[in-house]
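Novice: Quick one: this structure, given as C-alpha cells, is what I'll be asking you about.
The values are calculated or read from the model by the stated rules, or taken from the named source; none is laboratory data. As the structure is a prediction and not an experimental result, all values here were calculated from the model. Backbone-built Cβ (ideal geometry, glycine too); neighbour counts: all protein chains shown.
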Amino acid sequence: MSDRIADPWGRRTPYGPPSAAERVAASLPGPVRRVLPREIGQRATWPVRVDMFLEEGVAEADVDRWVRAASILHSNGDAMDIAVAGGRIVGVRGRAGDRVNRGRLDPKDLYGWQANNSPDRLTQPLVRQDGRLVETGWDDAMGRITARSRELLDGPGGWGHFGFYTSGQLYLEEYYTLGVIGKAGIGTPHMDGNTRLCTATSAAALKESFGTDGQPGSYTDVDHCDAIALWGHNVAETQTVLWMRMLDRRRGPRPPALIAVDPRQTAVAREADVHLAVRPGTNLALMNALVHRLLDKGWYDERYVRAHTLGFDELAETVRDRTPEWAAEICDVPVRDIERAAEIIGTCRRLLSTVLQGFYQSNQATAAACQVNNLHLLRGMLGHPGAGLYQMNGQPTAQNTRETGADGDLPGMRNWDNPAHIDELARLWNVDSSVIPHWAPPTHAMQIFRYAEQGSIKLLWISATNPAVSLPDLARIRRILAQENLFVVVQDIFMTETAMLADVVLPAATWGEKTGTFTCADRTVHLSDKAVDPPGEARSDLDIFLDYARRMDFRDKDGAPLIKWHDPESAYRAWQACSAGRPCDYTGITYELLRGGGVQWPLGTERLYAGGRFNTDPDYCETYGHDLVTGAAHGEESYRAKEPRGRAFLKAAPYQPSPEVPGEEYPLTLTTGRTVYQFHTRTKTGRAPQLAAAAPEPWVEISPADATELGVGEGDLVRVESPRGALEARARVCGTRRGTVFVPFHYGYWDRDESGPGDGAARAANELTMTSWDPVSKQPIFKVAAVRLSKVATAEGAVSAAPTVGNRPADPRVPVTAGGPAAEADEHVEEE
C-alpha cells in the first residue's frame, strides 16, 4: 500500500530503452508489427504496475462488476476500470494492458471519482424566478430555453445572438452533436470552449507548422528517446502518469537527458539536468537563441530541411544575431545553461519534446510553440521512435473539442476558409452551404464574452465549465454573466460560481454515468462505459443536446431531422462518417475494437509524418497560416504560391516584450498554474476528501529573496494586487525565481459560503489576470501580469501554506504533505 498524496508518482519500475531489433519493429506499420513474434514486435518495455483504490470498507471481493473507462480529470488518458457495488461507484483500478498507462493512475484518478457520490450534486433543473434559482421540471426548463432560442432566431440578427461555450471534459459524441447544432442548426460562428484557455496554442502551432492539428508523437517515444525537453510543462503535476514513465526511464539503464523550462523549482525542475528558470514572458527569446545555436553549430539535418521544409532562410535571418548571450540577458538565466540545453538538443539521437501552459498561456505563445516544432524539423526528428513531439493538451477531452467542431474549428480539421471543405460538410449534413458559418474566422472565447458584454450575444449556453473562476479579469466576467439582457444557460453537475449567475441550470450526468469516447494527447481513443445511473433527474449532455435539437425541430434540406442519431454509438458512427478521409480519421475504430483498449487514430498509425510528408497541401490543410507577430491571416492565393507540396513550415518571429511588464507601482510578475491535487476549478476534485485535504486553499509562492525584502515568512497572510483586482492567501517561500509570484488558479468561492461569487475576501487567481491574448491562437495570457505583494498578517505558529510535493518550501521544518491511511492505494507490480 502507498500513500499517493504523500507520493503522487508511486513506486518506481525502472527500465531501459528497447533493443535495436525492438526499435526497428516499433518503426514498422501497426499491421506489420502485430504479426511479428512477441519478443520482437510486441514487447512493451515499460513494466506493468496496477494501481487501485477502493472506498473504505470495500474489498475487491465486494465489487459487483468492473466497468471500463479512462481518466476525465487530466489529459493523459489513463485507462481504468470503475468498481461498482450496490449500484454505486466504490473505487477504480488501472488497466494493465492499456498502451497509455500500463495500469498506473494519477492521484486525481484514484480519489476524484468520489465527487460522483457527493450529496450536493445537481439533481433537478433550476430556473431563475424573482431573482432566485428554484427547482422545476425538464419541460419547463427546456421550454424556456427553446422559447428564447426561437424568439432570437426569428428576430433581427438571428444566429448572431447565440453563443456556446463548452468544455474540455465532455465526450466526443456530445461535442459533435453540439457542433452540428451550432454550425448547421443555428448557423452561429460564436462557438468555443474552455479549451481556448489551455490548448488553443497547441492546435495553432501544429496547424502553422504541419498544416493541420494532430499530435505527431506517441507516448511510447519515452521508451526510445535519449533526451527529453519539457517546455513550460510541469508534467509531474499535470500529466502525472506520463511523468512516472519518464522517471522510470531516468532510473533505468541509459537514461535520457532532461531539460526543463520553468520559472519555478518544480519536481520536474529538480530532476532536470538543465533547468532554465526564464523570466516569465521571454520564452520566444530563449527559443530563438536555441535555434540560433543549432544553426551556428551545424546541429541540423540539412538534407531533411531541404527536402521536407519551407522557410529556412527567413528563420535563419530572424535568429542570426539571437545568440545565447542575447537571450541570457533577456531571460535572466546563465549563458552556459542555454548553451548546454542547445548541445543536448543538437547532439542527441532521439529528442522528445512536450509543451504546455508555461508556453501556451504566456507572451508570444504560438510563436514560441512553433520554435519547438522547428527544433524537431531542423533535426529531422519526427515520425520515428523516440523523436516525439507533444503540443500537449491541458484537459482530458480537449483533442475532441477541436476535432469535432464544438470550439472555434470545423469538424474533421477542415479549413473554414476553403469552400470545398464547407461544401463537404454541407453534403454530409444535407444543408445549404450558406448556413455553415464561414464568412469570417470562428469567434474565439474572449470575443464571445465581449459580444455578450456589448449585448449582441443574448443567449449564452455554458456546458461543463466554470468561467466565473477560470477566465481572466473575473470582476468583468461576473458583470457580463449577471447582465439582465443576457440569457445564461449552465449545464453542469454542481452549483458552480457560474451556475449561481444562470437563468436556467440543467443537471448533467458525468463520467461513469454515461457512455462515450474521448481522445488523449497522443491520439489514443478510449471508450468509457456507463457504470451507474446519474442521480435524480440528471441527464447526459448528449441527451440534453438531442432534446434541444428535437424541440427546436432543426431540419435538413429535405425536411428530415438534422440530427439523425439517438444514442452514443449512433452519434459516434455519424462522427466516423464526418472524419473519413481527414487527418483525424476514426473509420475502422469501432466501439467493439475500443472495448479491447485504447486505439490511436488513424488506425494503425503510431506516429505521424514518418515519411516527411506533412498535411500542408492547399486542398487538404486546416489553415492557410498566419503572421506570428500580428496574427494576420494569410490568404489562399499567397499560400498556394508557396507550393508547399507536403512540406512543413519553419515559422519565424522576433521576440517582443510582454504586453504588461513590472514597473514601479507593480514590481513583480504573476504567473498562474496547477497543483497535482486539483483539476480546473475544483468542481470535482474539491469534493474528494483526500484531494481537498491535500490542497484546501490557494497560496502565493515567492522566492526567499523577495520574502526577506518584504518581511514575509512561510504561512503569512499576504495580499497580491494587480491593476484589475486583488486576492489574499498564505505565502509559500520556495524556489520560485526572484521577482516572480505564483498562484494556483483552481480556487473560487463555492465552498466559502452560499452568498455567491464576489463575497468575502477574494482568493481566485484570475481576479489579477488581464484580458489579453495571443494574436494567433487567441489564448489568454495568464502567465504574465504585473502585481505587487504586501503582508497582511503574520502566521501564528507553524503553518504550512501549500502542498510540499511541488515547489518545496525553503523552511525544512514545514511538515510534509501526506494523506495518511485514508489515502493508501494498492500498487501491484507485475514481474516480467
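Novice: Taking Glu636 as the residue in question, decide whether it is of a type in the set (Asp, Glu), surrounded by fewer than 24 Cβ atoms within 10 Å (Cβ to Cβ) and more than 19 Å from Phe745 (Cβ to Cβ).
Specialist: Against the criterion (of a type in the set (Asp, Glu), surrounded by fewer than 24 Cβ atoms within 10 Å (Cβ to Cβ) and more than 19 Å from Phe745 (Cβ to Cβ)), Glu636 qualifies.
Novice: Scan segment 530-538 and tell me whether some residue there is in a helix (DSSP H, G or I), hydrophobic (A, V, I, L, M, F, W, C), in contact (Cβ under 8 Å) with a residue 24 or more places away in the chain and surrounded by 24 or more Cβ atoms within 10 Å (Cβ to Cβ).
Specialist: So far as segment 530-538 goes, no, none of its residues is in a helix (DSSP H, G or I), hydrophobic (A, V, I, L, M, F, W, C), in contact (Cβ under 8 Å) with a residue 24 or more places away in the chain and surrounded by 24 or more Cβ atoms within 10 Å (Cβ to Cβ).
Novice: Answer with yes or no whether Leu389 is over 25 Å from Ala632 (Cα atoms), crowded, with 24+ Cβ neighbours inside 10 Å and over 15 Å from the mean Cα position of the chain (by Cα).
Specialist: In short, yes.
Novice: Follow-up. How many of the residues making up segment 544-559 are buried (at least 20 other Cβ atoms within 10 Å of the Cβ) and either among the acidic types (Asp, Glu) or free of Cβ contacts under 8 Å to residues at least 12 places away in the same chain (or both)?
Specialist: 0
Novice: What's the total number of residues in segment 271-302 that are under 30 Å from Ala641 (Cβ atoms), of a type in the set (D, E, K, R) and touching a residue at least 60 places away in the same chain (Cβ under 8 Å)?
Specialist: 1
Novice: Restricting to segment 3-58, and then to whatever is at pLDDT below 95 and hydroxyl-bearing (Ser, Thr, Tyr), can you tell me which residue is surrounded by the fewest Cβ atoms within 10 Å (Cβ to Cβ)?
Specialist: Ser19
Novice: Pick out, from segment 41-145, the strands (runs of 3 or more DSSP E) lying fully within it that include 1 or more residues that are among the small types (Gly, Ala, Ser) and out of contact with any helix residue (DSSP H, G or I) (no Cβ under 6 Å at 6 or more places or on another chain).
Specialist: Those strands (runs of 3 or more DSSP E) span 65-70, 79-85, 88-94.
Novice: Based on what the data block shows, is Arg724 basic (Lys, Arg), in the same structural domain as Thr817 (by TED's automatic domain parsing) and surrounded by 21 or more Cβ atoms within 10 Å (Cβ to Cβ)?
Specialist: Here the answer is no, as Arg724 does not meet what is asked.
Novice: Would you check which residues across segment 569-589 are surrounded by fewer than 17 Cβ atoms within 10 Å (Cβ to Cβ) and small (Gly, Ala, Ser) and list them?
Specialist: Within segment 569-589, Ser570, Ala577, Ala580, Gly581, Gly588 meet the criteria.
Novice: Within segment 597-605, can one find any residue that is surrounded by fewer than 24 Cβ atoms within 10 Å (Cβ to Cβ), more than 23 Å from the chain's Cα centre (by Cα) and in contact (Cβ under 8 Å) with a residue 24 or more places away in the chain?
Specialist: yes
Okay, residues lined up against (1) in a loop (DSSP other than H, G, I, E, B); (2) among the hydrophobic types (A, V, I, L, M, F, W, C):
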position: Arg196; (1), (2): no, no
position: Ala204; (1), (2): no, yes
position: Gly214; (1), (2): yes, no
position: Tyr219; (1), (2): yes, no
position: His233; (1), (2): yes, no
position: Leu247; (1), (2): no, yes
position: Arg250; (1), (2): no, no
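Novice: Output yes when any residue across segment 240-253 is hydrophobic (A, V, I, L, M, F, W, C) and under 19 Å from Ile345 (Cα atoms), and no when none is.
Specialist: For segment 240-253, residues hydrophobic (A, V, I, L, M, F, W, C) and under 19 Å from Ile345 (Cα atoms): present.
Novice: Would you mind stating whether Arg427 is surrounded by fewer than 21 Cβ atoms within 10 Å (Cβ to Cβ) and under 27 Å from the mean Cα position of the chain (by Cα)?
Specialist: No: the conditions fail for Arg427.
Novice: Does Cys621 count as within 20 Å of Tyr171 (Cβ to Cβ), within 25 Å of the chain's Cα centre (by Cα) and either in contact (Cβ under 8 Å) with a residue 24 or more places away in the chain or surrounded by fewer than 20 Cβ atoms within 10 Å (Cβ to Cβ) (or both)?
Specialist: For Cys621, the condition - within 20 Å of Tyr171 (Cβ to Cβ), within 25 Å of the chain's Cα centre (by Cα) and either in contact (Cβ under 8 Å) with a residue 24 or more places away in the chain or surrounded by fewer than 20 Cβ atoms within 10 Å (Cβ to Cβ) (or both) - is not met.
Novice: In addition: Within segment 788-811, is even one residue free of Cβ contacts under 8 Å to residues at least 24 places away in the same chain, surrounded by fewer than 16 Cβ atoms within 10 Å (Cβ to Cβ) and small (Gly, Ala, Ser)?
Specialist: yes
Novice: Take Arg674 and decide whether it is in contact (Cβ under 8 Å) with a residue 40 or more places away in the chain, within 29 Å of Val241 (Cβ to Cβ) and among the basic types (Lys, Arg).
Specialist: So Arg674 passes the test.
Novice: Then there's this: So which of Glu173, Glu151 ends up being in a helix (DSSP H, G or I) and either surrounded by 20 or more Cβ atoms within 10 Å (Cβ to Cβ) or touching a Leu at 6+ places or on another chain (Cβ under 7 Å) (or both)?
Specialist: Matching residue, one of Glu173, Glu151: Glu173.
Novice: Which one of these does Cys198 not meet: (1) buried (at least 21 other Cβ atoms within 10 Å of the Cβ); (2) in the same structural domain as Trp416 (by TED's automatic domain parsing)?
Specialist: Failing condition for Cys198: (2).
Novice: May I ask you to say which residue of Ala648, Ala695, Ala652 is surrounded by fewer than 23 Cβ atoms within 10 Å (Cβ to Cβ), at negative phi and small (Gly, Ala, Ser)?
Specialist: Only one candidate passes the filter, namely Ala652.
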